[in-house]
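What follows is a short report on a single structure.
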Amino acid sequence: MMILIRLDKHELISRTKYLLNVISRPCITGVWTQRCRKCSSRTQNRQAQSFSVTTPIFYVNAAPHMGHLYTCVLADAVARYHRLKGKQILFSTGTDEHGLKIQQAADQSKESPALFTTNVSRTFKEMFDCYNINYTDYIRTSEQRHFTTVQKFWTELETRGYIYKGSYEGWYSVSDEAFLTEVDVTEVVNKKGEKIMVSKESGNPVTWMKEDNYMFKLSEFTERLHKWLDTGVIQPAMFTPIAQHWLSNPQDLSVSRPSSRLSWGIPVPADSSQTIYVWLDALVNYLTVCGYPSLEKRWPADVQVIGKDILKFHAIYWPAFLMAAGLELPKKIFCHSHWLINCVKMSKSLGNVVDPMVVKEKYSAEVFRYYLLREGVPHSDGNYLEEKAMEYVNSDVVNTFGNLLSRCTASAINRDQIYPRKDQDTYISSITAADRETFENIEILIDTVEGYYQDMMMYKAIESIMSYLRWANGLVENHKIWDLAKSDQEADVLHLKCVLHLALDTLRVSGILLQPVIPNISERLLNRLGIPKDRRTFECARKPYLNSPELPLGPNEGVLLKRLKIN
Ligand code: MSP
């Protein structure tokens, strides 16, 4: 089998099984309508042609950091993959602007919450734009459309009998905007030597609260939530037991706070003495962007990307709210781990954050996207160390990808600046059987990469593409293209063209496959190769590029990837 993709036998078998499964499984969601004869309804067709992904909406108590960017880059990459497959995309992101935490941050900066949130929300938007996050909707919870949606949603829950007047007594963490039980908190000694209570999970301080408010009948959904979690909706699956554990002690949930304590939020309809709990308010953003209550067939989301710190809100509260409102549940919750810095979680409150607008000057936004997706794995935390990260980028993407392109397009080697033909006889006589097999089995690489993109295992997709590029680098070296380029002998000319054809085709396929990860760099690469814009889909990657006549390369617009300078 192929040697270029670093897959062991089991992985290859499991990927093949995955693919077979996709083709032969009866269609439940309509996603593979074209392949499933049983699917005929128009709704399924519409669903098959669209893809919706959401990110959490970001707190605006401080400027964005690398962890926030990671969530968005991940969602952006998967959206780009589906866009390349010809689907219509709904990709929402935005800012979470209500609640005590924001109210306090605005007070501290001596600005009105409205002005404060507008300014910070703008910094998130600027970062996303700078990192090429191609969202289709940017929602701010302070917008009127969201206010209306949240109040409608609340009224629906109330009408259906899931909200009642009660009182809450227990712990509350302002940093997490979360209610906690006795088992969730612990006593610690802070830097000043004082004994304080903190959340066991986040380490953030908690305060005791006793107040009248509205309660949501969360405990009524325990059974249904168990069943839903059992379907494997949380990915990676290792997060499922964590979510299931939260169901072991069913309790109702406080969903409002007295307006005297929390004024910066959305009032409970018909009772302005209470403000809606910020998490209920925030979660409903996913419906606001769909136009709730009409939803226009845009709900449920195909994937909701979240970090593991907000799993409880998305795996327990959110589906329960949706069940109570009689709405469909998201098809997948994709949960990722955290970025650490010196082995500590990067967070605004700890002040140890990496600012994406600063690192972009060192790496370029595209290369940093690459780093995040190549090094960030969903199932375990990533530790960011700048020097190591830069060395890694240099040896991985710059050496492998950039060098191959500059070698194959250098005028000293590719004198005619063409995408050369491969002569079949030369191909058989000069290229080893193993290398020919690798080159011809490109479909396996593409299927593998597609499977990984669908599963949002971006790092694995990138790893497979990089192995392929490393193989092509080896090919170019083994065939000594510099020596071949010096000769005018017909056999050497044909031999060189053949190797260049293989290497350039590897670059073409890799450039197409890397579009979701590094869209600008891929675009520049494909431009340099002279690949027409309408020949850049994954389907086109599967077909050999025109082998005759010889096509001209595109214009040389300078070095694709520069080595990063490490201080
Ligand atoms: N506002 C809530 C989400 C409401 S969604 C209805 C919130 N905001 S946040 O700004 O604190 O976090 C937003 C996202 O950034 C979360 O997915 C969180 O996991 C992610 N990250 C925050 N710090 C992170 C790291 N250090 N590493 C990776 N992602 C992390 O929670």
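Checking each residue in region 352-404 for being open to solvent by less than 30 Å² (accessible area, probe 1.4 Å), farther than 30 Å from residue 477 by Cα and not hydrophobic (A, V, I, L, M, F, W, C) picks out 356, 376, 378, 382, 384. For region 142-150, does any single residue satisfy the condition of being open to solvent by 30 Å² or more (accessible area, probe 1.4 Å), of a type outside the set (Ser, Thr, Tyr) and over 30 Å from the mean Cα position of the chain (by Cα)? No, region 142-150 has no match at all. Looking across 524, 528, one residue alone is farther than 26 Å from residue 437 by Cα, in contact (Cβ under 8 Å) with a residue 24 or more places away in the chain and open to solvent by 50 Å² or more (accessible area, probe 1.4 Å). It is 524. Please find, within region 78-103, the residue that is nearest to residue 304 (Cα to Cα) out of those that are in a helix (DSSP H, G or I) and within 15 Å of the ligand (Cβ to nearest atom). Out of the qualifying residues, it is 78. Of the helices (runs of 4 or more DSSP H) lying entirely inside region 238-297, those containing at least 3 residues that are open to solvent by 10 Å² or more (accessible area, probe 1.4 Å) and either out of contact with any strand residue (DSSP E or B) (no Cβ under 8 Å at 6 or more places or on another chain) or modelled with pLDDT of 95 or more (or both) span 240-245. Within region 240-259, the set of residues being closer than 22 Å to residue 143 by Cα and among the polar types (S, T, N, Q) comprises 256, 259.
The residue list 160, 80, 145, 140 contains one member that is within 24 Å of residue 339 (Cα to Cα), of a type in the set (D, E, K, R) and at pLDDT 95 or above, which is 80. For residue 453, the criteria (1) touching a Pro at 6+ places or on another chain (Cβ under 8 Å); (2) among the aromatic types (Phe, Trp, Tyr); (3) at pLDDT below 95 hold in every case but one, which is (3).
The values are calculated or read from the model by the stated rules, or taken from the named source; none is laboratory data. What you see is a predicted model; the values in this text were computed from it and never measured. A quick note on method: Cβ atoms are made from the backbone with ideal geometry, for glycine too, and the neighbour counts reach across all protein chains shown. Note: areas computed on protein heavy atoms with side chains; ligands, DNA, RNA excluded. Shrake-Rupley method; radii C 1.70, N 1.55, O 1.52, S 1.80 Å.
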